[in-house]
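Notes to accompany the following structure.
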Amino acid sequence: MASVKRAGGNACEFFETSMNQSAFERLVLENELREAVRDDQLVVFYQPKISMVDGSIAGSEALVRWRHPTAGLLSPGAFIQAAEECGLIGEIGDWVLRRACHEAQQLRERGLDVPVAVNVSAMQFESEGFSQTVLEALQDSGLPPEFLELELTESTAMREPERVIEQIEPLRRLGVTFAIDDFGTGHSSLSYLTRMPFDVFKIDQSFVRDMSQDEHARIVVETILAMAKSLKLKTVAEGVETHDQYRALRALGATLAQGYLFGRPMPFAELVTFASAGGRESVAG
């Protein structure tokens, strides 16, 4: 049954002995993850966002990593699904939010104004105390609200649009900005989209990656950028890896970009060095 649920449900499977092994491995992972949260094994890495105007650093995205005691540094793909299934995703998300706010404020104290974007899971966003958690993270860190951006996936944003508006508006009035992550991969209602209180569209990396070879991908990117311009929203192109992609996106009017061309996700100390240098070297050429 658990195997069917993980595969999306609405199906049936015959038992196989390998399922016992998979279930055991998942149980071990969940127990280790609980220990990771308890023993402070999680860390936040940051991927820079670059201005299309002059190539300077204009922000960063906070991304959680797990320093596993035996397996080394693990990316979210190795443990986020387990965190969701065992109910830890909200606790992890709140921890990342608090840490990101504190470290963004540390940057400001060094004279580096680098706004930070934090991903918000559906479970985290739908909790009753979400807004209060955000306010407490800002107050505890001293970070001004305008230096925090919260990212919701398109599917989360469109699940209950009216409730999303209700949750977001009080924080936006304080200065917190909101972004729709992976934009273009869901099935948004345009009538709702024009009413949603968002500030940024993040163009999914699959479209950015394919836009030079796939005419359909390029049209999607052009359409998103045109829509954002009409709605007076900023845009972030994800997964930029080549100078050709960077130049094409800049010509089409993208606001910001992030990807391996500029920098991989890095520890806070490396972000300090990167931000101190301004980020411009990465787009030379």
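Please treat every number below as a calculation from the coordinates, not as lab data. Note that the structure is predicted; figures quoted are calculated from it, not measured. Backbone-built Cβ (ideal geometry, glycine too); neighbour counts: all protein chains shown.
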Going residue by residue through region 214-219, the Karplus relation 6.51 cos²θ - 1.76 cosθ + 1.60 with θ = phi - 60° gives ³J(HN,Hα) values, rounded to whole Hz and with x marking Gly or Pro, of 10, 4, 5, 5, 5, 5
Output wanted: per-residue J couplings in Hz (rounded whole) for region 161-174, from phi through Karplus 6.51 cos²θ - 1.76 cosθ + 1.60, θ = phi - 60°, x for Gly and Pro.
x, 5, 5, 4, 4, 5, 6, 7, 3, x, 6, 5, 4, 7
Per residue of region 250-262, in order, report the coupling 6.51 cos²θ - 1.76 cosθ + 1.60 (Karplus, θ = phi - 60°) as ³J(HN,Hα) in whole Hz, putting x for Gly and Pro.
5, 5, 7, x, 5, 7, 10, 9, 9, x, 5, 4, 9
Pick out, from ILE219, SER155, LEU143, the residue whose Cα sits farthest towards the positive end of the charge dipole of region 122-267, with +1 on the Cβ of Lys and Arg and -1 on the Cβ of Asp and Glu.
ILE219
Cβ-derived FRET efficiency at R0 22 Å, SER56 paired with GLU222, nearest 0.05:
0.30
Of the peptides 43-52, 170-179, 250-259, 208-217, how do they stack up when ordered by the mean number of other Cβ atoms within 10 Å, highest first?
43-52, 250-259, 170-179, 208-217
